[in-house]
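The values are calculated or read from the model by the stated rules, or taken from the named source; none is laboratory data. What you see is a predicted model, and the numbers here were worked out from it, not measured in a lab. Backbone-built Cβ (ideal geometry, glycine too); neighbour counts: all protein chains shown. Keep in mind that these areas ignore ligands, DNA and RNA; they rest on the heavy atoms of the full protein, side chains included. Shrake-Rupley method; radii C 1.70, N 1.55, O 1.52, S 1.80 Å.
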Amino acid sequence: MSAKPTGNPVSAAGPAPDAAASPATAAPLLEVVDLCTGFHTPRGLVRAVDHVSIAVRPEETLGIVGESGSGKSVFARSVMGLIAPGQRVERTGRIMFAGRDLVRLPRRELRKMWGSEIAMVLQDPLTSLNPVTRIGRQISETVRRHRPELSRGEAEAASVELLRSVGIPEPAKRMHAYPHQLSGGMRQRVGIAIALAGNPRLLFADEPTTALDVTVQHQILDLLGRQQAERHMAMVLVTHDLGVVATRTDRIAVMYAGRIVETAPTRTLFANVMMPYTRALLDALPRLEEPSHTRLNAIPGHPPNLAVPMPGCRFADRCPAARRKCREQEPPLVQADDPEHSYRCWYPVGSPEYESSAAAGTETTERSGSDQGAMRER
Amino acid sequence: MARLGKSVAVPPEESAKAQPPARRRQRARRRRRAPGWLEFMLKRLAHLTLVLVGVTFLVSVMLDFLPGDPARAILGEDASAEQVARLRATLKLDEPVWVRYADWVTGALQGDFGTSYRTAQPVTEAILQRLPVSIQLMVFVQVLALVMALAAAIYGVYRPRGLVDRVSTGWAFAAISTPHFVVGLFLVFVFAVHLGWLPASGYRPLGDGLAANLQSILLPALAMSLEPAGVYQRLLRNDMQVTMREDFILAAQAKGMSSANILIRQALRPSSFSLVTLAGINTARLIGSAVVVETLFAIPGLGRLLVDSITARDFVTIQAVVAVIAVAYVLVNAAIDLLYVLLDPRVRSEHS
Ligand SMILES: Nc1ncnc2c1ncn2[C@@H]1O[C@H](COP(=O)(O)OP(=O)(O)OP(=O)(O)O)[C@@H](O)[C@H]1O
Ligand code: SF4
Ligand SMILES: [Mg+2]
């Protein structure tokens, strides 16, 4: 397993020399470089996103996976610049979108891109719709915002069409409903219709199915995939469930404690997991007989406190292979066999150190051979 | 760290099968709406009757608690025996309390509240003269207070901890802790005595022209509105700030809505429930508590009529004014309930 430091973490994700190697590559639509987002709190600066670099190409689907609190939502929101006003937030780095740096863009300009260039679907469809407004108005106000030339009636018609396109039966009738009168799945479809109203080029779906019933989850994910293909949209699918992203993404980035700890094309990642944290996430996947959205609480221990800077690897407290070096030096992002695959680990899966510790520990090794099969079943 | 917890509610299954029952439920909901409303109105009516009977009966009973001969106690030692006898007859003091009360109710139902033995004016007439003045003052006070509070609160949420926010917060605390008459005296000093822009006192009815009427009511209304404005501003600002942290506000931003749209069309309505309650309670309270300002500015409102009647032990008038204020109180409460239903569709489905 040769692992050479790449120096520039971005190259793993894409633009320059390596990019030409893959035929599927194009200039990235979104390129995030060294993004840091910190919240000033009474307990200190909480580094929710810490030097994250990642790229999304047009029409590509990027999966972001990690446990609760790993910084996925903060990442998605800070890329859009959508941190609520009044919060004391520090954001540095570069976010290149369609040739412009969103970090430096004035808020007035940024707002013009919300909904029309980049849109977002939130986790809980009940709380993300205004409870006192009919869904018809919630959609048509969005339509009119992005196409001010439409009359009220035309905007209504376009809204009905949008509702139909996301699979809502009797859309004209549903226009008069309030959010609480719809089922969870229907509400999330409305949320998706609203996000699509401005025809965005990039869609952030922040755990769009976590709050939903199992049977509905797949319908919603299929709908997102279909819309993405039809509209030639890029999508960032945020989830805590590796199973969800296994079949629905082109690339995956695994986040832990505000950092990307492993990123690779989906196939490569599942074939060749390097980072013990990704390994643990895979092992924590529910078996088939359990509901597929069981929370990832199977990894023992807790993520570190983000307000306290750590010298070494952030996963060290929970990693079966952790050694002294892990606690003293943070591993850099290094490239694996596949140039698009990089990870942060001193003793990656497959190294003698990892294998000897893991064998002494749990059943990890025994399951490692079957993960590809498990992936296809989902 | 204000993060919203994850909702673990499992929504109903969304399959083709699940739809007919849902539609049936909706139809059933519509059918049940009428009885729902009827029940609501009947409850309100019962409430109204109970409150009305309670407070007016209390006034009748109070006569029996005056020491010695109530008529003598009311008229004082200087009154002649003939005067006392006449008052005994007017107040029907020889009858037991329930007969007295039944008589009063019979009259009141026909719009006859009796005649004041203080002014010899029919009480109905006195009330009809003063009620419009009180209502105008109250409406003015509420409108001024709400306009000031809304502007300050919305701007404060738009730019939290900004200059406007800090100034209006400080101002609100000062206004809340200053009595109306102090504000009134101050306003009179500045705008009437010093600048001479507005009359220092006196009420001009609408018949004297709109401008004169508005000028005469502006200072008293302002004097009374600063305190509620401060309370409303604090309440609305805090509720709106909570709403601004909701997911649907984030979603509205993400879909590209403007700041004005988000503050006014998205956040204001779901943040206004407690404000509506408080403003409603205040409406009735303001009619009664206007006494000081009505006296200061010589405004012939219900508050002054009540106080003058209490000083003169004019029970006939007291009973009628109390009844009017009680009706106002109950009606306003019913109006608030209706307003809730309009503001929050979720309450609507619970009602029906
Ligand atoms: N407004 C805030 N102020 C302070 N800390 C915050 C704030 N918002 C988020 N955080 C912290 O940032 C970290 C990352 O949170 P984030 O919501 O991005 O996690 P997540 O990966 O989306 O988790 P989940 O799966 O629960 O949605 C958490 O530790 C959280 O406590
Ligand atoms: S660097 Fe060490 S502690 Fe961190 S994941 Fe790798 S082996 Fe585990
Ligand atoms: Mg999240």
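Points worth noting:
- Burial of 50 Å² or greater, segment B:236-251 residues [accessible area, probe 1.4 Å, versus chain by itself]: B:D247, B:F248, B:L250
- Cα extents of the protein assembly as shown along the three principal axes, largest first (Å): 119, 62, 56
- Solvent exposure of segment B:159-198 amounts to 67 Å² per residue of accessible area, where only protein heavy atoms count and the probe is 1.4 Å.
- Among B:K43, B:K92, B:K255: highest mean-square fluctuation, GNM of chain B, C-alpha pairs under 10 Å: B:K255
- Counted by Cβ distance under 12 Å from A:M96, the other residues give a net charge of 0, where Lys and Arg count +1 and Asp and Glu count -1.
- Shielding by partners for peptide A:182-191, expressed as the average number of C-beta atoms from other protein chains within 10 Å of each residue's C-beta, is 4.
- Stretchable slack from A:R43 to A:H218, in nm (0.36 nm times residue separation minus alpha-carbon distance): 59.0 nm
- Per residue accessible area of segment A:305-355, 1.4 Å probe, in Å²: 46 Å²
- Listed values for segment A:185-195 are Karplus-derived 3J(HN,Hα) couplings in whole Hz (6.51 cos²θ - 1.76 cosθ + 1.60, θ = phi - 60°), namely x, 4, 4, 5, 4, 4, x, 5, 4, 5, 5, and x replaces Gly and Pro.
- Accessible surface of the protein assembly as shown [probe 1.4 Å, protein heavy atoms]: carbon and sulfur percent: 60 percent
- Per-residue HN-Hα couplings for segment B:142-147 [Karplus 6.51, -1.76, 1.60; θ = phi - 60°; Hz; x = Gly/Pro]: 5, 5, 4, 4, 5, 4
- For A:I252, the residues 5 or more places off, or on other chains, whose built amide H falls under 5 Å of its own are A:G63, A:A264, A:T266.
- Burial of 50 Å² or greater, segment A:109-137 residues [accessible area, probe 1.4 Å, versus chain by itself]: A:R111, A:L122, A:T127, A:N130, A:P131, A:V132, A:R137
- Sparsely packed chymotrypsin sites (Phe, Trp or Tyr not before Pro) within segment B:177-206, loop by DSSP, other Cβ within 10 Å at most 13: B:W197
- Contact-buried residues of segment B:256-271, at a threshold of 50 Å² lost accessible area versus the chain by itself: B:G256, B:M257, B:R265 (1.4 Å probe; DNA, RNA and ligands ignored).
- Candidates B:P199, B:P228, B:P220, ranked by Gaussian network fluctuation over chain B, Cα under 10 Å, top entry: B:P199
- Counted charge near B:P300, where neighbours are those whose Cβ lies closer than 14 Å (Asp, Glu -1; Lys, Arg +1): -1
- Nonlocal amide H pairs with A:V236, under 5 Å, H built at 1.01 Å: A:L62, A:L203, A:F204, A:A205
- Total accessible area lost when B and A pair, probe 1.4 Å, Å² to nearest 100: 3800 Å²
- Whole-Å distance, taken between Cα centres, linking segment A:187-235 and segment B:52-130: 74 Å
- Separation of segment A:142-182 and segment B:179-257, taken as the distance between their Cα centroids, equals 40 angstrom.
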